Amino acid sequence: MIKRNPCIANIKAGYLFPEVAKRRREFAETHPDAKIISLGIGNTTEPITPHIDAGLTEAARKLSTPEGYSGYGDEQGLTALRERIAAVFYNGKVAADEVFISDGAKCDIGRLQLLFGAGTEVAVQDPSYPVYVDGSVLIGAAGSWTGTGYQGITYLPCTAENGYFPDLSALPKKGLIYFCSPNNPTGAVATREQLERLVEAAYKNSSVIIFDAAYAEYIRDPALPKSIYEIEGAKKCAIEVNSFSKPIGFTGVRLGWSVVPKELVYSSGESVNADWNRICTTVFNGAGNIAQAGGLAALEPEGLKEMKELTDFYLGNAKLIRSALRELGINCVGGDNSPYIWAQFPGRDSWEVFGEILEKCHVVTTPGSGFGPAGESFIRFSAFGHRSDVEEACRRLAKLK
Ligand SMILES: *Cc1c(COP(=O)(O)O)cnc(C)c1O
């Protein structure tokens with residue numbers, strides 16, 4: 001038979017969320033009366049809001065008419081949407097032809113690896129969103145598994161001691177740096193000064209930052225940057241990925257974008273933007289036309305108002321969770337400009353704490369160690385949930401006393 005791709009063989013089994021789901025299922029089977037509440041996976045729960053829904057449904061209806069029907073669109077996305085994103089989120093700092101519409105940030109993170117290929121050195125925040133490492137392994141940019149991480153991948157610990165911002169002195173040369181702010185899972189948001197240091201370090205090392213801003217719309221503190229392009233010089237060394245999933249609940253609808261600046265060039269001097277265009281037209285065929293109409297509606301004034309209200313709602317959940325944890329004397333960060341709360345259980349094993357919360361409170365969380373070795377002894381609480389469920393979960397957390 002045909003041989004297996006050795007890169008797939010190199011990926012460690014037990015992707016975090018399937019393992020969480022398995023443990024939840026096993027608990028439900030042995031405790032059929034338990035009403036389990038999930039503050040685990042970062043999946044949105046609230047319905048699509050009215051103005052954005054109208055954008056989606058109108059687009060769907062148009063498709064059933066001879067005048068309104070359209071087939072394939074431009075692989076890079078609707079020009080109107082690219083222009084609106086450039087104007088609304090980047091204040092004109094980014095041009096419409098630097099914005100590429102996609103079916104989501106995670107999918108783009110996977111495809112972006114094609115620009116650089118196997119053998120590229122990679123650095124990630126530790127803990128981090130799993131796709132940065134696993135996507136690198138898939139394309140052959142990682143060496144063998146050492147028991148705690150992969151050779152060829154630089155893990156940058158983000159801990160309570162360094163305020164969840166890594167030491168940048170060990171960055172790879174001519175490599176890729178994945179950086180997520182507001183961060184999943186720690187909830188930390190990098191300050192302007194920190195991002196300035198990041199851009200400077202990338203520039204000095206001839207490296208490229210892949211900046212994941214999927215939670216930018218959760219930032220409430222006006223001093224905190226929502227985009228890497230708010231930092232001088234970032235267009236020469238950073239690609240930004242972003243998504244409609246978390247700000248307007250498009251996790252199932254699927255819509256995101258990447259910004260690939262024209263100033264960004266390889267060591268050969270060739271354009272990364274031109275290559276990304278080639279990849280989008282070669283192994284991607286554009287985001288759904290209905291989803292894009294929903295995105296356009298979201299960027300109209302009424303849609304932006306709904307986006308603010310929805311993110312405010314989830315931030316309200318975050319506040320409740322944070323207060324409940326603090327009342328128990330549990331140290332935690334995040335949740336003020338992000339929908340995640342990162343709670344510390346010093347000296348304890350993350351999976352063991354996960355098990356205790358599930359058993360005593362019937363609440364599903366995510367063990368921090370699943371996001372990387374520096375996540376050990378932490379638990380991530382997600383603020384995505386119905387208000388009544390979050391309130392009930394907070395009451396039950398008192399059983400941890
Ligand atoms: C949820 C999430 C995304 C969004 O992915 P989509 O594919 O757009 O749904 C991207 N990055 C991080 C860190 C996330 O948590």
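Each reported figure results from applying straightforward, stated rules to the coordinates on display, with no laboratory input. Computed from a prediction, not measured in an experiment: that's the story for all the values here. Note that each Cβ is placed from the backbone with ideal geometry, even for glycine, and that neighbours are counted across all protein chains shown.
Each of LYS305, LYS319 was scored by other Cβ atoms within 10 Å of its Cβ. Listed from fewest to most, they are LYS305, LYS319.
Largest GNM mean-square fluctuation across LEU81, LEU299, LEU114, computed for the chain with C-alpha springs under 10 Å, falls on LEU114.
Between ASN91, ASN273, ASN337, find the one with the highest GNM mean-square fluctuation for the chain; connect C-alpha pairs within less than 10 Å. Ranking ASN91, ASN273, ASN337 by mean-square fluctuation puts ASN91 first. The helix-based estimate of mean residue ellipticity at 222 nm for the chain, built from -39,500 (n - 2.57) per DSSP H run of four or more residues and divided by its residue count, is -11500 deg cm²/dmol to the nearest 500. Quick one: work out the % antiparallel among DSSP beta bridges in the chain, nearest 5. In the chain, approximately 50 percent of DSSP beta bridges are antiparallel ones.
Under 15 Å from a point 7 Å along the Cα-to-Cβ line of SER268: which residues of region 117-146 have their amide N that close? Residues passing the 15 Å test: 117-118. Using DSSP, restrict attention to beta bridges with both residues in region 79-230 and report what percent are antiparallel, rounded to the nearest 5. About 5 percent, rounded to the nearest 5.
One decimal place: the segment ASN162-TYR203 gains 12.5 nm when fully extended, by the rule 0.36 nm per residue minus the C-alpha distance. Exposure proxy for VAL333, VAL88, VAL283, VAL390: other Cβ atoms within 10 Å of each Cβ, ordered fewest to most, give VAL283, VAL88, VAL333, VAL390. Arranged from fewest to most other beta-carbon atoms within 10 Å of their beta carbon, SER206, SER369, SER70 become SER70, SER206, SER369.
The modelled label-to-label distance between SER64 and LEU114, using points 7 Å beyond Cα along the C-beta direction, is 3.5 nm. Computed from the C-alpha gyration tensor, the three semi-axes of the ellipsoid equivalent to the chain are 32, 27, 21 Å, from longest to shortest. In the elastic network of the chain, a GNM with C-alpha springs shorter than 10 Å, the most mobile of TYR155, TYR314, TYR90 is TYR90.
Once you reduce region 49-76 and region 325-401 to the center of their Cα atoms, the two points are 40 Å from each other.
Modelled spin-label separation between LYS93 and TRP145, with each label point placed 7 Å from Cα along the Cα-to-Cβ direction: 3.9 nm.
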